[in-house]
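So the structure is just underneath, and the comments pick up after that.
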Amino acid sequence: MKLGQLLFIPALLGTLILCNPAQAMAGDSGLYLGGSIGQATLEDEFTGDDFKDEDTAFRAFMGLRTSLFPVLDFALETGYRDLGDQSDTVARQNIDVSLKGFDLAGLVIFPLGPVDFFLKAGGMSYTLDTSLSGPDGDDRGIDVLYGAGIGARFWKLGVRAEYELVNVDELDKASMYWLSAYFRF
């Protein structure tokens with residue numbers, strides 16, 4: 001079993017235990033739906049040269065937030081993300097890389113009035129399509145996802161900015177910057 005899969009399972013179980021639906025009705029707790037737009041950067045080494053490109057990324061997510069302590073909230077969040085189509089010419093070869101998939105993460109949230117600071121950890125089940133000047137590659141896997149961000153809540157609406165990394169085995173680095181908006185029910 002890979003390290004990403006070993007870390008994903010405890011993160012999932014811990015978040016499920018902490019997100020008690022009976023407590024999800026207090027304060028700013030509850031179900032929320034949202035979307036994100038951002039920038040994804042994929043980096044790797046192909047044929048001895050470095051590949052690095054950025055593209056617009058999209059994400060749709062839903063989550064359940066609960067307040068367990070006055071200064072600490074927890075959330076369980078799942079979603080789908082498309083990190084765009086990155087392309088570059090390395091060693092006179094056109095390289096196209098596309099990464100998309102589903103994610104599940106737990107958030108530890110530190111609310112200060114209407115402002116939230118949060119840390120996120122979980123996993124992503126992904127499909128990585130790589131096209132070189134030859135046969136295409138299609139890799140699938142589950143790996144660790146983690147990040148941090150800041151957000152603000154107004155009535156039932158929320159906005160947040162966040163940075164995330166996914167440890168995709170087949171890439172040197174996959175990073176994202178997101179600007180998100182969500183509606184809490």
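Selection within the stretch 65-89: residues that are surrounded by 20 or more Cβ atoms within 10 Å (Cβ to Cβ) and among the aliphatic types (A, V, I, L, M). The member of this set that is farthest from ASP116 (Cα to Cα) is LEU83.
In the stretch 106-119 there is no residue that is under 23 Å from GLU54 (Cβ atoms) and not aromatic (Phe, Trp, Tyr). Name the single residue that is surrounded by the fewest Cβ atoms within 10 Å (Cβ to Cβ) among those in the stretch 149-172 being charged (D, E, K, R) and at pLDDT 90 or above. Going through the qualifying residues, I end up with LYS156.
For the stretch 158-177, a residue qualifies if it is over 14 Å from ASP116 (Cβ atoms), part of a strand (DSSP E or B) and of a type in the set (A, V, I, L, M, F, W, C), and the qualifying residues are LEU165, VAL166, ALA174, MET176. Going by what's in this entry, would ARG140 be described as touching a strand residue (DSSP E or B) at 6+ places or on another chain (Cβ under 8 Å), among the basic types (Lys, Arg) and under 27 Å from ASP85 (Cβ atoms)? In short, yes. What residue, of ASP139, ASP73, is farther than 15 Å from TRP178 by Cα, of a type in the set (Asp, Glu) and modelled with pLDDT of 90 or more? On inspection, the qualifying residue turns out to be ASP73.
Of the strands (runs of 3 or more DSSP E) lying entirely inside the stretch 27-101, the ones with 3 or more residues being under 20 Å from ARG140 (Cβ atoms) and in contact (Cβ under 8 Å) with a residue 60 or more places away in the chain are found at 30-46.
Of all the residues in the stretch 132-160, those that are without any contact (Cβ under 8 Å) to a residue 60 or more places away in the chain and within 30 Å of ILE95 (Cα to Cα) number 11. Among the residues of the stretch 123-137, at least one is assigned to a strand (DSSP E or B), more than 20 Å from GLU54 (Cα to Cα) and among the hydroxyl-bearing types (Ser, Thr, Tyr). Tell me whether the stretch 103-110 contains one or more residues that are exposed (fewer than 15 other Cβ atoms within 10 Å of the Cβ) and within 28 Å of PHE185 (Cα to Cα). Checked against the condition, which is being exposed (fewer than 15 other Cβ atoms within 10 Å of the Cβ) and within 28 Å of PHE185 (Cα to Cα), the stretch 103-110 yields at least one hit.
The values are calculated or read from the model by the stated rules, or taken from the named source; none is laboratory data. These figures come from a predicted structure and were not determined experimentally. Reconstructed Cβ throughout: ideal geometry from the backbone, glycine too, with neighbour counts over all protein chains shown.
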